[in-house]
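I have a structure here, written as structure tokens, and I will follow up with some questions on it.
Quick note: the coordinates plus some simple rules give every number you see, no bench work behind them. Just so you know, these numbers come straight off a predicted model, no measurement behind them. Please note: Cβ atoms are built from the backbone with ideal geometry, for glycine as well, and neighbour counts cover all protein chains shown.
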Amino acid sequence: MRRMLVGVAAVLALAVAGGTPVAAQMAVSSPVRFGITGGLTAPTGSLSDYSGTGWHAGALVDVGFPLLPLGFRVDAMWQQLPGKLAPDGLSTATRFIDGTLNATYSFGGLSAVNFYFIGGLGVYNVRVEARQTTYPPAGAFTQTTTSSETRFGLNGGAGVRFRLSGMSTFIEARWHDVFTSGRSAQIVPVSVGIVF
């Protein structure tokens, strides 16, 4: 009888250990996590007159505890926007390389799905390649100029996180406003990411 009770206790202990819910696993997970992200980047404002929707890819470091709603995230991202021909013959291809430091605020505690807000400051290197095409009587003529500058900017947005065992995925949209000389450059990347 005693052997049978010990056996039942051992089986129950293994079942409980093997069936630990994702929320409990997340509660004791590391506060520092790494991830990758990618998606589409849309230009807004005056930038959309000369640049089309492009793509982006990047890496991130996420710092936070699942039981606390406030966290921090550092992102590094490459964003590439192709040029599109405007009525005045100008086409502007734009590339952003940025690093941002952000605060995050999550809703939902340890549930499997969390909504969150994200926002912060960043440093952006903006490289612009402008092509101006004119059509004089002798034929088409295209002139290309390239400029690059590094500026500060702001970003803010929202997303939804799906917690899985040992990792999480997210979908988010953020608005970036880069304080370039003369005017600001505004973009909205829509990202899908995985955090380990």
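Take the Cβ-Cβ distance between Ala130 and Ala158 as r, set R0 to 25 Å, and report the resulting FRET efficiency rounded to the nearest 0.05. Present the calculation step by step, with values, prior to reporting the outcome.
Numbers: r = 33 Å, r/R0 = 1.33.
According to the calculation, E is roughly 0.15.
Let me ask something else. On a C-alpha basis, how far is the centre of segment 107-155 from the centre of segment 33-48 in Å? Whole number, if you could?
Segment 107-155 and segment 33-48 have Cα centres separated by 9 Å.
Just to verify a number: FRET efficiency for Thr44 and Phe141, C-beta to C-beta distance, R0 = 35 Å, to 0.05?
Numbers: r = 31 Å, r/R0 = 0.88.
Approximately 0.70, to the nearest 0.05.
Would you please give the FRET efficiency between Trp78 and Ser111, computed as 1/(1 + (r/R0)^6) with r the Cβ-Cβ distance and R0 = 41 Å, to the nearest 0.05?
According to the calculation, E is roughly 0.80.
How big is the charge dipole of segment 142-196 about its Cα centre, in debye rounded to the nearest 20, if each Lys and Arg gets +1 on its Cβ and each Asp and Glu gets -1 on its Cβ?
Taking the Cα centre of segment 142-196 as origin, the dipole is about 140 debye.
Where does each of His176, His56 land when they are ranked from fewest to most other beta-carbon atoms within 10 angstrom?
The order, fewest Cβ neighbours first, is His56, His176.
Return the distance in nm (one decimal) between the two label points of a simple spin-label model at Arg151 and Met167, each offset 7 Å from Cα along Cα→Cβ.
With each label placed 7 Å out from Cα toward Cβ, I get 3.7 nm.
Relative to the present Cα-Cα distance, how much length would full extension add between Phe34 and Phe196 at 0.36 nm per residue of separation?
Working: separation 162, 0.36 × 162 = 58.32 nm, distance 0.55 nm.
Roughly 57.8 nm would be gained on extension.
What is the magnitude of the charge dipole of segment 22-195 about its Cα centre, with +1 placed on the Cβ of each Lys and Arg, -1 on the Cβ of each Asp and Glu, and no other charges, expressed in debye to the nearest 20? Please report the intermediate quantities before stating the final value.
Values: 11 positive and 9 negative charges, 42 e Å.
So the dipole magnitude of segment 22-195 works out to roughly 200 debye.
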